[in-house]
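**Q** Take this structure, written in structure tokens, and hold onto it; I'll ask about it next.
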């Protein structure tokens, strides 16, 4: 019985040492406001300007095609029946071309935007990972998963500074 009791005490002692050493090991944790980093990253702003220019060019081109169709529709009233039918066929062809042009351009712009967003997010992730490894962080969270985080744990400004210096 004494052997069982001694073994029991030895196990309890070993477990308490493990618990104490575990309690003394602390994790270094921080968080980053990913939305703010994305929005304030200079590359995001630069890309927004580029995308806006492409969108304006697309709208100009689209408006020219639309004006051509509208001009042809206004001419319909003045034409004879045989010429009207020819013009109607051409108008329908132009409308279908415009619809396809819209679809293709919107798809291209959306695809380009998605690729750029992915590229920027990967860059942000790489900077955060590198920063975490350099400063021995165990965990860096996105602020969206937090219910509460002390401002002292917020690395957003530091990450933004690193990203905007890279250019």
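The values are calculated or read from the model by the stated rules, or taken from the named source; none is laboratory data. Nothing here was measured: the structure is a model prediction, and the numbers come from that model. For neighbour counting, all protein chains shown are included, and Cβ atoms are generated from backbone atoms with ideal geometry for every residue, glycine included.
**Q** Has the stretch 87-103 got any residue that is farther than 28 Å from residue 58 by Cα and either out of contact with any helix residue (DSSP H, G or I) (no Cβ under 9 Å at 6 or more places or on another chain) or touching a residue at least 40 places away in the same chain (Cβ under 8 Å) (or both)?
**A** Looking for residues that are farther than 28 Å from residue 58 by Cα and either out of contact with any helix residue (DSSP H, G or I) (no Cβ under 9 Å at 6 or more places or on another chain) or touching a residue at least 40 places away in the same chain (Cβ under 8 Å) (or both), one finds none in the stretch 87-103, hence no.
**Q** Any residue in the stretch 58-77 that is on the phi > 0 side of the Ramachandran plot and touching a residue at least 40 places away in the same chain (Cβ under 8 Å) sitting within a Cβ distance under 8 Å of a residue that is in a helix (DSSP H, G or I) and surrounded by fewer than 14 Cβ atoms within 10 Å (Cβ to Cβ)? List the pairs, counting only those 6 or more apart or interchain.
**A** none
**Q** One residue is enough: does the stretch 31-46 have a residue meeting the conditions closer than 30 Å to residue 138 by Cβ, touching a helix residue (DSSP H, G or I) at 6+ places or on another chain (Cβ under 7 Å), in a strand (DSSP E or B) and at pLDDT 85 or above?
**A** Checking the stretch 31-46: at least one residue is closer than 30 Å to residue 138 by Cβ, touching a helix residue (DSSP H, G or I) at 6+ places or on another chain (Cβ under 7 Å), in a strand (DSSP E or B) and at pLDDT 85 or above.
**Q** Right, another one. With respect to the numbered conditions (1) surrounded by 14 or more Cβ atoms within 10 Å (Cβ to Cβ); (2) modelled with pLDDT under 90, which one is the sole condition not fulfilled by residue 80?
**A** The one condition residue 80 does not meet is (1).
**Q** Is it fair to say residue 112 is surrounded by 10 or more Cβ atoms within 10 Å (Cβ to Cβ), over 38 Å from the mean Cα position of the chain (by Cα), at pLDDT 90 or above and in a helix (DSSP H, G or I)? Working first, answer last.
**A** On the way: surrounded by 10 or more Cβ atoms within 10 Å (Cβ to Cβ): yes; over 38 Å from the mean Cα position of the chain (by Cα): no; at pLDDT 90 or above: yes; in a helix (DSSP H, G or I): yes.
It is false that residue 112 is surrounded by 10 or more Cβ atoms within 10 Å (Cβ to Cβ), over 38 Å from the mean Cα position of the chain (by Cα), at pLDDT 90 or above and in a helix (DSSP H, G or I).
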